[in-house]
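To start, the structure itself, in structure tokens.
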Amino acid sequence: GDATWVLNNEYTVLRINKAFLTLLGLKTKEEALSKKCHELFPSETCKSTGCPMKQIKLGKKMIEMDAERKITQDRSIPFLLTAMPLSGLAGELVGIVEQFKDITERKRYEEALQKANKELEQLAAVDGLTQLANRRIFDQKLEEEWLRLSREGKPLSLILCDIDFFKRYNDYYGHQSGDECLKEVASCIKSCIRRPTDLAARYGTPPLPGRLRV
């Protein structure tokens, strides 16, 4: 069921199956036969040395690469393109056979996996309440900056701050309001970041509920 065609050395379509005709929006084989492959399936690869025909002419036995067919302005179909040489009776190269396998589902899974991994990295690096960097990232950054500035002979500035009497705030307004307050304080601290090397982080789980140590 995969889209398949046969091309000669001059990039002309010799044979084509029904699946490929459907993909190209053609009704009969005559509309495709004797035409150049780049006329029916234009791609940036056609203009480069990555063209499957060019690669096989150089001696490659099989080519596998990603390809894409633009259906509408906002939609494209991704394919895994497999190309193999087609030999004549004397073993000479007379063309190639190309097969286009629709990998839309695979791409969706890959994108979903990438998104999940990115979210996991975010969870592993950020404090859930304040959205500041967590203790692990703080420790890594401190070590990196310590080593860098030691080599350069420059000072390192570190500020540890705490919110005084925050337990009274929590006891009076409740922990939900306390959490909102911590978010506002964290946002204020983060807004003071100016340089790429600066970092605002939540240092660790505080001993008293709701306290913020950055």
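The values are calculated or read from the model by the stated rules, or taken from the named source; none is laboratory data. These figures come from a predicted structure and were not determined experimentally. As a convention, Cβ positions derive from the backbone with ideal geometry for all residues, glycine included, and neighbour counts pool all protein chains shown. Quick note on the areas: whole protein, heavy atoms, side chains included, nothing else; ligands and nucleic acids left out. Shrake-Rupley method; radii C 1.70, N 1.55, O 1.52, S 1.80 Å.
Rounded to a whole number, what % of the accessible area of region 41-178 do carbon and sulfur atoms account for, probe 1.4 Å? Ligands and nucleic acids excluded, carbon and sulfur give 55 percent. In units of the rule-of-thumb radius 2.2 N^0.38 Å, region 62-115 shows an alpha carbon radius of gyration of 1.55. Applying D = kT/(6 pi eta Rh) to region 1-140, where Rh is the Kirkwood radius over alpha-carbon pairs, T corresponds to 25 °C and eta to 0.890 mPa s, the Stokes-Einstein value obtained is 137 µm²/s. Cross-link partners of LYS167 among lysines, defined as those whose alpha carbon lies under 29 angstrom from its own and excluding same-chain residues fewer than eight positions apart: LYS183, LYS190. Picking from LEU199, LEU40, LEU89, which is most flexible by a Gaussian network model of the chain using Cα springs under 10 Å? Evaluated over the chain, the most mobile residue of the options is LEU89. Principal axis extents of the Cα atoms in region 60-214, from largest to smallest and rounded to whole angstrom, are 90, 45, 28. Mean separation of Cα pairs under 8 Å and 6 or more residues apart, divided by the residue count, gives region 114-210 a relative contact order of 42 percent. Mean-square fluctuations from a GNM of the chain, with a 10 angstrom spring cutoff on Cα atoms, peak among GLY153, GLY25, GLY128 at GLY153. Each helix, a run of at least 4 DSSP H residues, gives -39500 (n - 2.57); summed and divided by the residues of the chain, these come to -11500 deg cm²/dmol at 222 nm.
The relative contact order of the chain comes to 15 percent, based on Cα pairs under 8 Å that sit 6 or more residues apart.
Of all lysines in the structure, the ones whose alpha carbon falls short of 26 Å from that of LYS60, not counting any fewer than 8 places away in one chain, are LYS35, LYS36, LYS47, LYS101.
Can you tell me the relative contact order of region 1-75? Whole percent, Cα pairs under 8 Å, sequence separation 6 or more. Answer for region 1-75 is 21 percent. Listed values for region 44-51 are Karplus-derived 3J(HN,Hα) couplings in whole Hz (6.51 cos²θ - 1.76 cosθ + 1.60, θ = phi - 60°), namely 5, 5, 4, 8, 10, 6, x, 3, and x replaces Gly and Pro.
Backbone N atoms of region 163-187 closer than 19 Å to the 7 Å Cα→Cβ label point of VAL126 belong to residues 179-187. Taking the chain as a Gaussian network of alpha-carbon nodes connected by springs under 10 Å, the highest mean-square fluctuation of the residues LYS118, LYS154, LYS27 belongs to LYS154. Amide H contacts of ILE163 (H built 1.01 Å from N, in plane; Pro and chain starts excluded): LEU212 sit under 5 Å, all sequence-distant by 5 or more or on other chains.
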